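Step one of this worksheet: look at the structure below.
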Amino acid sequence: MNLKLNWRRGTVKNMVHTLGLGAAALLSAGLLLGGCSSAPDLTQAQALQMIQAKYDQTPPESATVVVDDLGMREGLAAKYWTKIKEYPNRYWGDFAFTPEGKKLLKLTSPGAVIEWRPASFSDTHFSVRMQTLASNRFKAHDISSVEDETSPGMATSRSAYFIEGVVLNGAPEPLQKIGHNPGNTLSTKRQAEFVLDGGAWKLQSIR
């Protein structure tokens with residue numbers, strides 16, 4: 001009789017222990033599944049909006065413009081500068097900014113005289129660098145797909161490439177044409193990094 005009772009007690013004890021282990025395993029699985037929930041979606045439009053919002057909050061800056069042979073001729077036609085000295089070889093010259101040109105541009109190097117010194121009469125690669133006086137903002141466009149940095153759908157950081165373009169705000173058409181001539185880099189490819197913060201995506205950095 002005592003043997004039978006002890007056997008039943010042992011069986012019940014083993015069952016309780018087994019059930020406890022099972023419950024613990026189920027609880028652990030639930031916690032793991034809960035911790036592995038998918039991150040919220042981050043679309044290209046949302047990413048681009050965050051990048052542009054960052055640019056809109058950044059103080060505007062002046063832009064550097066590379067002026068080549070074509071740009072010099074366009075600037076002369078627009079009366080942004082005028083020739084004040086011609087050299088015997090006839091392809092060197094010194095140019096001064098006109099009152100209109102002084103409102104728009106200045107040289108990045110010291111001085112106010114544009115020293116035009118190409119290597120030959122047919123040299124179309126010589127250029128000078130100027131800086132706009134008006135402040136300009138960046139415009140983000142052409143963003144790529146937003147990619148997870150680690151495991152797909154589970155990452156806490158994502159990134160996307162995009163084009164950062166300089167907008168010559170209010171610049172006259174001749175200056176905009178000069179700014180978009182070959183040799184200028186008014187558009188640059190950048191990478192934006194996003195992180196998950198409190199269940200929502202935020203822009204971490206642009207590089």
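None of the figures in this text is laboratory data; all of them are computed from the coordinates on show. Note that the structure is a prediction, hence the values are computed from the model and not measured. When we count neighbours, we look across all protein chains shown, and the Cβ atoms used for this are built from the backbone with ideal geometry, even at glycine.
Less than 9 Å Cβ to Cβ from I206, Lys/Arg counted +1 and Asp/Glu -1: what total charge do the surrounding residues give? Working shown, then result.
Working: positive: K54, R190, R207; negative: E164, E193.
Counting the neighbours of I206, the net charge comes to +1.
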Go through 180-188, 195-203, 156-164 and give me the packing order, highest mean Cβ count within 10 Å leading.
-> 156-164, 180-188, 195-203
Given +1 on the Cβ of Lys and Arg, -1 on the Cβ of Asp and Glu, and no further charges, what dipole in debye does the stretch 64-132 carry about its Cα centre, rounded to the nearest 20?
-> 240 debye
Approximate spin-label separation A134-R190, in nm, with each point projected 7 Å along Cα-to-Cβ | 2.1 nm
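Semi-axes of the equivalent ellipsoid for the stretch 64-132, please: Cα gyration tensor eigenvalues, times 5, square-rooted, ordered largest first, whole Å.
Numbers: eigenvalues 69, 33, 25 Å².
So the equivalent ellipsoid measures 19, 13, 11 Å along its semi-axes.
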Cα-projected label distance for N169 with Q46, points at 7 Å along beta-carbon direction, nm = 2.9 nm
Cα-projected label distance for H180 with K202, points at 7 Å along beta-carbon direction, nm = 3.7 nm
P(r) of the stretch 39-96 in 5 Å steps, Cα pairs, percent per bin?
-> 4, 13, 13, 13, 8, 7, 9, 9, 7, 6, 5, 3, 1, 1, 0
Check each of the trypsin sites (Lys or Arg not before Pro) in the stretch 59-145 and keep only those in coil by DSSP with at most 10 other C-beta atoms within 10 angstrom; list them in order.
-> R90
